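**Student:** Handing you this structure, nothing more for now.
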Amino acid sequence: MNASTLQFELDLRPRPLCSSALELRQAVRRFLEEELKSRSFEPTVDAWLRGFDRGFSRTLAERGWVGMTIPTHYGGHGRSQVERFVVIEELLAAGAPVAAHWIADRQAANSILSFGSEPIKRRVLPRIARGDCVVAIGYSEPDVGSDLASVRTRAERTREGWRLTGTKIWTSHAHHADLLVVLCRTSPRTEDRHAGLSVMVVELPHPKVKARPVLLMTGEHHFNEVVLEGVDVPEEMVLGQVGEGWKVVTSDLALERSGPERFLSTYPVLVEMLRRAAETGDRCAGRAVASLAAQLYALRAMSLAVAQSLDAGDSPIIAAAVVKDIGTRFEQEIAETARHIFACEPSLDASDPLQRHLAVALMHSPAYTVRGGTNEILRGIVAKGLGLR
Ligand SMILES: Cc1cc2nc3c(=O)[nH]c(=O)nc-3n(C[C@H](O)[C@H](O)[C@H](O)COP(=O)(O)OP(=O)(O)OC[C@H]3O[C@@H](n4cnc5c(N)ncnc54)[C@H](O)[C@@H]3O)c2cc1C
């Protein structure tokens, strides 16, 4: 690489939205206005993680806003990533409770579509599109997060399929999930660290799957430690080829890391900051909010460009890493800025929405740059793209 002409082809310029996406945005906005009027939900920070409401997910699904990119013959809506982008952006901006279908809609549906057997596609995809399938991802393990190739959960051959044994950690929503997607080792480690891994789907609840709560700082039960005590998995529940699980795990990285949930988790705080700055006329606060708004504008454009690139059939992993690295730091910056410019005591129980949202935003803040791949790992990916590794 010639440092004076840094070659880095990263197209993060969005193209204008088509009319169907614009109409969709208006429809979602009208729906959310009605829901907020009838107080069907209370807007929250980090809604895609903590806003768990199966009923709300089903309501969205009835309108065709869950499983949007699943083909119609599997019960979905055959719509584009950009159309999905528009819908989820509006939902997140409103702080709507979308956690019950988030993982299923964002990534499990895609993995199953790309790597699932026909029986699993027919059984699971329509459920996801109905907003009726909570999926938990069982990749991380005690001492194994970033370095997933080191997972110790193993699957041994049986006559009908596989038997899974091991322990997973940080498993979001496993305590009320319908499916658990498990990364495991199906053959011993060799020089190729990524070979011999497989991904299997376990239906929950299961008598040999035990989920123990790991509470968040706020006291919320979101995470779990999940113990698999010899769980039988039929062959048809393996995603992709046995031994080629790494392909499954890495195939959705662009989807998982580039969406608006990577910069809108603390958006309700920004809305309250804007309100407060307008009410007080404080010019310093106004400048701080304007600076955040400018960053938001750029991030949104980058994230939309990734969605458009996904629709074009590309796999923009590096661009997604850039969005997530910058976006998740932006989420933290919103909370830090609010803390510094307003005389406001963060409190989980406050009636003032700024105090309340700020308390959640700050207590969830360490997670933004860790979940879904830490920022250090993302920078490693970008460095590789720059030819530095
Ligand atoms: C809110 C939340 C929800 C989550 N949900 C799930 C879930 O549902 N399912 C699931 O499987 N996991 C989940 N995770 C786990 C998450 O994916 C891991 O925490 C993450 O991958 C980091 O792994 P780790 O915690 O083991 O940290 P480690 O990998 O031990 O990293 C510790 C520190 O070392 C740094 N580091 C590690 N390796 C390198 C390297 N090669 N180069 C430079 N720095 C490095 C990291 O950046 C980090 O700062 C969740 C995490 C959070 C916070």
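**Student:** Give the residue that is farthest from the ligand (Cβ to nearest atom), with candidates limited to residues of region 137-159 that are touching a residue at least 60 places away in the same chain (Cβ under 8 Å) and surrounded by 19 or more Cβ atoms within 10 Å (Cβ to Cβ).
**Tutor:** Applying the filter and picking the extreme gives Ala155.
**Student:** Looking at region 190-203, which of the residues that are surrounded by fewer than 21 Cβ atoms within 10 Å (Cβ to Cβ) and touching a residue at least 40 places away in the same chain (Cβ under 8 Å) is nearest to the ligand (Cβ to nearest atom)?
**Tutor:** Filtering first and then ranking leaves Arg193.
**Student:** Inspect all residues belonging to region 116-127 and state whether any of them is touching a strand residue (DSSP E or B) at 6+ places or on another chain (Cβ under 8 Å) and assigned to a helix (DSSP H, G or I).
**Tutor:** Yes.
**Student:** Of all residues being more than 8 Å from the ligand (Cβ to nearest atom) and of a type in the set (Gly, Ala, Ser) in region 363-387, which is farthest from the chain's Cα centre (by Cα)? Just the residue, please.
**Tutor:** The qualifying residue farthest from the chain's Cα centre (by Cα) is Gly387.
**Student:** Given the criteria of a type in the set (Asp, Glu), touching a helix residue (DSSP H, G or I) at 6+ places or on another chain (Cβ under 8 Å) and within 16 Å of the ligand (Cβ to nearest atom), does Asp105 qualify?
**Tutor:** Taking the combined requirement at face value, the residue satisfies it.
We did not get these values from a lab; they are worked out from the coordinates using the rules stated. Quantities reported herein were computed from a predicted structural model and do not represent experimental measurements. All Cβ positions, even for glycine, are placed from backbone atoms using ideal geometry, and neighbour counts span all protein chains on display.
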